[in-house]
Amino acid sequence: MRIETSDESLTELQVDAVVIPVGAGNDLDGSGQALDRALNGALSDALPNLGFSGKSGSVCVLPSFGHVPAARIVAAGTGEQGELTLDGIRKAWGAAARKAREAGARSIASTTPPASFGSAGVRAASEGVQLGLYRHLEYRSQRDDDRDVERFVFTDSGDEERDAIGRAEPLTRGIRLARDLVNTPALDLYPGRLGGRAWEMADEHGLEITVHDRAALEEMGAGAIVAVGQGSAREPRLIHLIYRPEGESLGTAGFVGKAITFDTGGVNLKPADGMRNMKIDMGGGAAVIGAMRAIAELKPPFTVHGVVAAAENMVSHTSYRPGDVLTTLSGKTVEITNTDAEGRLVLADAMTFTARQGVDYMIDLATLTGASIVAVGDEAASLFSTDDELAGDILRAAEISGERMWLMPLWDAYRSNLDSDIADIVNSGTRDGGAIKAALFLKEFTHGIPWAHLDIAGPAWSTTVDGYRIKGATGYGVHTLATLLDIREHNQAG
Ligand code: BES
Ligand code: MN
Ligand code: ZN
């Protein structure tokens with residue numbers, strides 16, 4: 001799909017559908033009023049009669065009865081005027097674009113969001129459109145590709161808007177890649193294949209990449225990744241992507257992702273319900289790969305290492321077991337108390353590896369614990385950090401990105417729950433405070449580098465369709481990572 005700008009008006013454009021934002025109480029903006037005049041007031045009459053009230057997130061399709069070239073008019077509720085946010089814009093445009101496609105439109109036009117948002121508004125609207133129209137059709141034997149939207153036009157737009165749209169595209173392509181990777185069933189997406197997908201992406205975008213296979217991981221001493229992956233015939237990988245800016249580098253970031261391509265729980269096997277959706281357990285790794293793709297195109301002035309620990313946690317005669325003691329890449333030993341607490345193990349090695357790249361800070365993303373979902377629900381991530389400034393910047397980036405997260409404590413008081421009788425630490429403590437204990441485990445592998453951890457077990461997946469989110473993988477995390485680099489660039493500029 002192409003996103004274009006135009007100086008023609010909605011009443012003249014040759015498109016299949018036009019989208020108009022409608023505020024609470026069916027408040028029309030300039031473009032809506034012009035359309036209403038072209039329809040002799042039929043629009044403002046019809047909306048309330050259809051039970052439409054401009055509620056945020058609501059959408060409604062009306063026919064234009066030949067009064068304008070576009071046959072369909074899509075009203076997109078934007079709610080109370082003072083309450084509209086960038087994410088509200090994403091949602092409204094995402095839902096409207098999907099509704100237009102459902103009604104058979106292949107070309108759509110809309111005006112720009114309220115001018116008070118500046119170019120950030122158009123950017124958010126294009127993000128909403130591109131993400132809301134996302135579909136994963138690869139596994140349908142009968143594709144309905146013929147109904148894909150080909151063109152979305154923003155009217156009343158010029159150079160500034162074109163620029164803003166240009167920044168939305170790399171970002172949404174990164175998010176869509178992350179969604180694709182997570183949505184792909186584990187049968188077809190295993191560690192080696194994930195490495196291959198990362199390789200293709202790196203090749204296309206000029207990123208450096210090394211994929212360490214099992215032999216290399218053994219040689220390196222990454223005993224935790226090797227152990228978690230040893231129950232599967234499909235061997236583990238450590239994927240290392242590097243983005244280097246063209247000019248001077250203002251610093252070095254490390255993004256680390258958990259990519260368990262399928263989590264059976266291992267010998268501590270998950271019950272059927274808990275295993276059903278465990279192809280999502282590479283959501284953190286997918287977010288890192290998606291973010292690296294976005295970064296390669298957005299070109300921030302920082303060096304960025306993307307490190308993804310990929311393994312399949314399977315049950316077999318070669319699986320690691322409870323009671324085993326592993327030696328991690330850091331040299332620290334871990335006694336296994338539960339093979340289902342595998343994410344923190346692969347992350348331990350990946351974090352040590354990342355720390356050795358000389359990063360100024362690192363952020364890991366992982367579908368790490370069910371306990372995080374219990375704590376903050378399935379629409380938010382739990383954020384943990386050893387560095388207040390980093391946490392603050394991440395929270396600001398998340399706010400702009402529309403990714404909900406909540407800062408959680410790293411209380412030392414719970415650390416003794418991870419003490420082992422025979423090794424340096426156990427991998428799993430008691431259930432209570434499980435997300436915190438997982439984070440405390442990871443903290444042991446930060447090597448003094450400012451660090452933040454995002455437990456994305458909940459928001460990596462959506463069970464409902466809402467705005468620009470559809471059922472399935474969300475690509476959560478890509479947006480915040482990319483935006484964080486923007487924020488840090490501005491911080492450094494003064
Ligand atoms: N991948 C799971 C966590 C998860 C749960 C992700 C639900 C997405 C949705 C993780 O590896 C896991 O199994 N965690 C255990 C930890 C426990 C054994 C300490 C859990 O949450 O029960
Ligand atoms: Mn697990
Ligand atoms: Zn897992």
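The values are calculated or read from the model by the stated rules, or taken from the named source; none is laboratory data. In this text the structure is predicted, and so the values were computed from the model without any measurement. Cβ sites come from the backbone with ideal geometry, for glycine too, and all protein chains shown count toward neighbours. Areas reflect the complete protein model, heavy atoms only, side chains present, ligands, DNA and RNA absent. Shrake-Rupley method; radii C 1.70, N 1.55, O 1.52, S 1.80 Å.
Observations on the model:
- When Ala198, Ala186 are checked against the criterion of being in a loop (DSSP other than H, G, I, E, B), touching a strand residue (DSSP E or B) at 6+ places or on another chain (Cβ under 8 Å) and farther than 30 Å from Pro114 by Cβ, Ala186 stands alone in meeting it.
- Where helices (runs of 4 or more DSSP H) fall wholly inside region 309-412, the ranges with 3 or more residues that are surrounded by fewer than 24 Cβ atoms within 10 Å (Cβ to Cβ) are 370-376, 388-401.
- Residue satisfying condition, being buried (at least 18 other Cβ atoms within 10 Å of the Cβ), under 30 Å from Gly166 (Cα atoms) and within 14 Å of ligand 3 (Cβ to nearest atom), within set Gly283, Gly290, Gly266: Gly283
- Counted residues, region 105-150 - those being of a type in the set (Ser, Thr, Tyr) and open to solvent by 60 Å² or more (accessible area, probe 1.4 Å): 3
- The number of residues in region 237-253 being in a strand (DSSP E or B) and among the hydroxyl-bearing types (Ser, Thr, Tyr) comes to 2.
- Filtering region 437-458 to residues that are in a loop (DSSP other than H, G, I, E, B) and out of contact with any Asp or Glu (no Cβ under 6 Å at 6 or more places or on another chain) leaves Glu444, Phe445, Thr446, His447, Gly448, Ile449, Ile456, Ala457.
- Test for Ile289: is it within 16 Å of ligand 2 (Cβ to nearest atom), modelled with pLDDT of 95 or more and assigned to a helix (DSSP H, G or I): no
- Within region 29-50, the residues that satisfy the criterion of being open to solvent by less than 90 Å² (accessible area, probe 1.4 Å), in contact (Cβ under 8 Å) with a residue 24 or more places away in the chain and outside any helix (DSSP H, G or I) are Asp29, Leu39.
Residue by residue, here is whether (1) within 16 Å of ligand 3 (Cβ to nearest atom); (2) without any contact (Cβ under 8 Å) to a residue 24 or more places away in the chain; (3) touching a Cys at 6+ places or on another chain (Cβ under 6 Å); (4) at positive phi holds:
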| position | (1), (2), (3), (4) |
| --- | --- |
| Met362 | no, no, no, no |
| Ser372 | yes, no, no, no |
| Leu390 | no, no, no, no |
| Asn417 | no, yes, no, no |
